[in-house]
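Accompanying notes for the structure given below.
What follows draws every value from the coordinates through simple rules; no lab data is involved. Note that the structure is a prediction, hence the values are computed from the model and not measured. Because the Cβ atoms are built from the backbone with ideal geometry, glycine has one as well, and the counts that use them run over all protein chains shown.
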Amino acid sequence: MKSRCIYSSNISSELSNVRLVVDELISCLQHNCGKLCEEVLFDLKVILNEVLVNAILHGNHGDESKKVKIDAGTTEKGDVFLIIEDEGSGYDYESLCEKHKTAVMDLDEMIESGRGIMIVKGLCDKVKVNKKGNKIIILKSIDKTHPTAEHV
């Protein structure tokens, strides 16, 4: 499948960089894809915030000398892809997903670690994590034919 990268950045592992990257990336997407509906914008902001904060805090352990690499673009079908990679040692994504399948899905009781990735997984069309566990690839549909609400 052909894809086109429209955003690429390497940031230091500082939480203050998250908002800047989210704003830049969303602006870039809208410039390249046209106006996106509010629901898609909200989902993308949540996804980006969760994944970037996880990469900085859990992947790179807040070590400002370590980088987080972000690439984003569009697919031939018009979907958005996000690739985020940290310099950490990774985690076992499959094991984490299994734990959450068997856990009671009450957010108060859910395992503290891993809650964000489950939220991300729920908002995306496809999520892949490399074997090492330090790189995530996300596919999100940005269908712009979102129906408008009818007034009664």
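For a label point 7 Å from the Cα of I119 along Cα→C-beta, name the residues of the range 24-50 whose backbone N is under 12 Å from it. Zone members listed by number: 43-50. Inter-label distance, V53 to D23: 1.8 nm, where each label sits 7 Å from its Cα along the C-beta direction. In this structure, the pairs whose alpha-carbon distance is over 24 Å, taken from K35/K132; K35/K77; K35/K69; K2/K132; K69/K140, are K35/K132; K35/K69; K2/K132.
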